[in-house]
Amino acid sequence: MAFATTAWWSHDTAATHPSLALSELPPLIPVRDFYADMRAEWAYHSSHDGRYLAWRATRKTKQVVLVKDRTTDREVMRLRDVDYYFWNPHTAALLIGRKGRLW
């Protein structure tokens, strides 16, 4: 039995083909920039009275739902593993869907 291991490292490797090596190429964009924006925030929803704000964000490579009290400007809740969320139209209750259930 024979086992072989091959390692290939291509981070910031210069172009080797003659036509590419002599040309001025734009800087490379790392692939992780397309998939893991650690500052991403989206899907903002305010409560019926405007006091609370809920939105999705990326924190430590995980997608979370953050809730902020707008009167104190402080984060009051951070929820993980949320499939969907919405505010109750009559109270300041945040309803979330998690693992096929409404909480």
Conditions: (1) at pLDDT below 85; (2) surrounded by 10 or more Cβ atoms within 10 Å (Cβ to Cβ); (3) among the charged types (D, E, K, R). ASP33 meets all but one. Number of the miss? (2)
Just need a number here: residues in region 50-74 that are of a type in the set (Asp, Glu) and surrounded by 11 or more Cβ atoms within 10 Å (Cβ to Cβ). 1
Per the list (1) on the phi < 0 side of the Ramachandran plot; (2) surrounded by 11 or more Cβ atoms within 10 Å (Cβ to Cβ), residue check on ASP81 breaks on (1)
Is there any pair linking a residue in region 40-69 that is farther than 16 Å from TYR84 by Cβ and in contact (Cβ under 8 Å) with a residue 40 or more places away in the chain to one that is β-branched (Val, Ile, Thr) and part of a strand (DSSP E or B), with Cβ under 7 Å and at least six apart or on different chains, and which? TYR52/VAL67
VAL82 being within 17 Å of GLU41 (Cβ to Cβ), in a strand (DSSP E or B) and touching a Lys or Arg at 6+ places or on another chain (Cβ under 7 Å): no
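The values are calculated or read from the model by the stated rules, or taken from the named source; none is laboratory data. Source: prediction; values computed, not measured. Backbone-built Cβ (ideal geometry, glycine too); neighbour counts: all protein chains shown.
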